[in-house]
Each structure stands twice: as structure tokens, then as C-alpha cells.
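Asker: This is the structure I have questions about; it appears just below.
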Amino acid sequence: MTQELYQKAMKFAGEKHGDQKVPGTNASYLLHLSNVAMEVIMAHKADSCFDLNFAVQMALLHDVIEDTDTDFEEIEKEFGNQVAVGVMALTKNEKLSSKEEKMKDTLNRINSLAKEVGIVKLADRITNLQAPPRHWSKEKANNYLIEAKLIAKSLEGKNDFLETRIHSKILAYREYL
């Protein structure tokens with residue numbers, strides 16, 4: 001069943017994200033989404049104690065509310081309430097003023113739900129801890145690293161494999177500062 005769910009979610013995300021690119025590259029945004037899903041799949045391979053179907057759908061859809069005109073109801077109709085609630089928790093609350101408030105709010109919402117939501121957030125940040133876009137200042141890259149440490153600390157206990165991955169990516173990211 002996972003392949004069908006993956007394909008349905010990827011098609012939906014591909015249509016919604018359209019021409020969006022991975023920031024700082026010419027790569028389709030689907031590259032990021034498939035990389036997040038791959039991290040989730042590898043985490044499940046290492047330890048199958050979570051719902052892979054649920055996590056993979058959220059991995060592929062995690063930015064669709066934040067980055068497109070898609071709303072909660074549309075995701076709920078297509079993928080069910082549990083996936084829609086998870087995607088909503090992974091979406092920044094734009095009504096909050098500072099980045100710090102938005103991140104703390106997101107992490108609080110994630111931690112109030114099933115561990116799969118936290119697994120997706122860890123996988124997302126792992127995927128993003130690559131060389132920062134060239135236009136980023138050292139300060140912005142450093143703030144991104146600080147935020148990654150907060151995510152790792154706040155989501156401890158969600159998945160050992162991804163915790164190890166995020167800590168190694170945090171160490172490696174220091175070379176960009």
C-alpha cells in the first residue's frame with residue numbers, strides 16, 4: 001500500500017508546488033520532498049516502530065499548506081484527518097511575529113501529536129542541513145544551525161536513527177560557518 005500512497009501524495013504535491021524550486025538551486029521542489037520521504041523510509045528500515053504510510057504522506061505534503069494555496073480541508077479530503085492535522089502542525093503559524101515564536105509554536109504542536117509528525121520534522125531539517133544558499137549571510141546560516149539544534153533537542157525520543165542523523169548533519173554543517 002505504501003507505493004500507492006507515495007505516488008498519490010507525490011502527484012498531489014507536484015501539482016501544488018508546480019514550478020517551485022529548491023531555494024538557491026534550479027532543482028524542482030519535488031527533490032526536497034522526495035529526500036524528506038527517503039529519510040523517513042530509511043528511518044523505518046532501521047526501526048519499524050512507526051506508521052510508515054502516515055509518515056511518508058506527511059513527508060511529501062509537509063510544505064503544501066505553507067508554500068501553496070492548499071488548505072487543511074483539501075488535504076483532509078484527499079488524505080484524511082490524521083495526515084491533514086500532521087501537515088498543519090508542520091506548517092508555520094504566520095500570525096506569529098518572530099521566527100523564534102513560529103518555531104517554538106510548531107515544535108509544541110508537533111510534540112502534541114503522534115511521533116510520526118516529529119519524525120517528518122527531523123527528516124525535513126536533516127535534508128535542509130546541506131550547504132546553505134550562496135546568498136545567505138554567515139549570520140543566517142548560523143541561526144539556521146541554532147534552530148536545527150533546537151529541533152533536535154525538542155524532538156528527542158522520536159526516532160534514534162534520525163536523531164543520530166541530525167546530530168551528524170549539525171556537526172558537518174559547521175564547515176559552512
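Asker: Can you spot the lysines whose alpha carbon is less than 28 Å from Lys153's alpha carbon? Ignore those fewer than 8 places along the same chain.
Answerer: Excluding near neighbours in sequence, the set is Lys45, Lys92, Lys95, Lys99, Lys102, Lys104, Lys115, Lys121, Lys138, Lys140, Lys169.
Asker: Under the 0.36 nm per residue contour assumption, what length would be gained going from the current alpha-carbon distance of Glu156 and His135 to full extension?
Answerer: 4.4 nm
Asker: Please give the contour-minus-distance gain from Gln20 to Ala46: 0.36 nm per residue of separation, less the Cα-Cα distance, rounded to one decimal in nm. Don't jump to the answer; show the numbers that get you there.
Answerer: On the way: separation 26, 0.36 × 26 = 9.36 nm, distance 3.17 nm.
Additional length available on full extension: 6.2 nm.
Asker: Right, here's the next one. Which trypsin sites (Lys or Arg not before Pro) in the stretch 52-151 sit in a loop by DSSP (not H, G, I, E or B) and have at most 10 other Cβ atoms within 10 Å of their own Cβ?
Answerer: Values: sites: Lys77, Lys92, Lys95, Lys99, Lys102, Lys104, Arg109, Lys115, Lys121, Arg125, Arg134, Lys138, Lys140, Lys149; in loops: Lys92, Lys95, Arg134.
Listed in order of number, the matching sites are Lys95, Arg134.
Asker: Which residue fluctuates most in the GNM of the chain (Cα springs below 10 Å): Glu156, Glu139, Glu147?
Answerer: Glu139
Asker: Between Val83, Val64, Val22, where does the largest GNM mean-square fluctuation fall for the chain, given springs only between Cα atoms within less than 10 Å?
Answerer: Sorting by GNM fluctuation, first place goes to Val22.
Asker: Considering only Thr91, Thr25, Thr70, give the residue with the highest GNM mean-square fluctuation for the chain, with springs between Cα atoms whenever their separation is below 10 Å.
Answerer: Comparing Thr91, Thr25, Thr70 in a Gaussian network model of the chain, the most mobile one is Thr25.
Asker: Please check which bits of the stretch 24-43 a label hung off Glu78 would reach, taking the label as a point 7 Å along Cα-to-C-beta and the cut-off as backbone N under 14 Å.
Answerer: Zone members listed by number: 30.
Asker: Now for a different question. Hey, got a sec? Which GluC sites (Glu not before Pro) in the stretch 30-97 land in a DSSP loop and have at most 15 other Cβ atoms within 10 Å?
Answerer: Loop-located and lightly packed - Glu94.
Asker: Under the rule of -39500 (n - 2.57) per DSSP H run of 4 or more residues, summed and divided by the residues of the chain, what mean residue ellipticity at 222 nm is obtained, to the nearest 500 deg cm²/dmol? Intermediate values should be presented prior to the final figure.
Answerer: On the way: 10 runs with 123 residues, N = 177.
My calculation for the chain gives -21500 deg cm²/dmol from helical runs alone.
Asker: (i) 42, 35, 30; (ii) 63, 34, 32; (iii) 55, 35, 34: which one is Cα extents along the principal axes in Å as calculated from this entry?
Answerer: Of the labelled values, this structure produces (i).
Asker: Given the Cα-Cα distance of Lys102 and Leu30 and 0.36 nm per residue of separation, how much length would full extension add, in nm? Kindly include the intermediate steps, with their values, before the conclusion.
Answerer: Values: separation 72, 0.36 × 72 = 25.92 nm, distance 2.43 nm.
Taking Lys102 through Leu30 to full extension adds about 23.5 nm, to one decimal.
Each reported figure results from applying straightforward, stated rules to the coordinates on display, with no laboratory input. As the structure is a computational prediction, the values presented were derived from the model and not from experiment. Please note: Cβ atoms are built from the backbone with ideal geometry, for glycine as well, and neighbour counts cover all protein chains shown.
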